[in-house]
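Laboratory data are not the source of any read-out in this text; all were calculated from the coordinates shown. Please read all numbers here as calculations on a predicted model, not as lab measurements. Cβ placement follows ideal geometry from the backbone for every residue including glycine, while neighbour counts extend to all protein chains displayed.
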Amino acid sequence: MSFGDYLYIVVAVLFSYMTFVIIRNNFLSKFDEQERRKDLIDEYADDYVSSDDEDEPKKD
């Protein structure tokens, strides 16, 4: 194999790795620490149960 073939393989591997990292980081940036979608929090804020409410028993 020539030097060009090795270079092509290295470039293909680096391109695949960079693409994977970019897509993974883009996906992970859409969620907050509690694994909720950041773009839906404002719209459905009343539907979410905060961690403070989970510890306290419901009062009737």
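With the requirement that a residue be among the hydrophobic types (A, V, I, L, M, F, W, C), surrounded by 10 or more Cβ atoms within 10 Å (Cβ to Cβ), assigned to a helix (DSSP H, G or I) and within 18 Å of the chain's Cα centre (by Cα), what does the range 1-42 give you? 18, 20, 21, 22, 23, 40 - these are the residues of the range 1-42 that are among the hydrophobic types (A, V, I, L, M, F, W, C), surrounded by 10 or more Cβ atoms within 10 Å (Cβ to Cβ), assigned to a helix (DSSP H, G or I) and within 18 Å of the chain's Cα centre (by Cα). For first residues located in the range 18-36 and of a type outside the set (Val, Ile, Thr), partners that are outside any helix (DSSP H, G or I) and surrounded by 10 or more Cβ atoms within 10 Å (Cβ to Cβ) and lie 6+ apart or on another chain with Cβ distances below 7 Å form the pairs 30/37; 31/37; 36/48.
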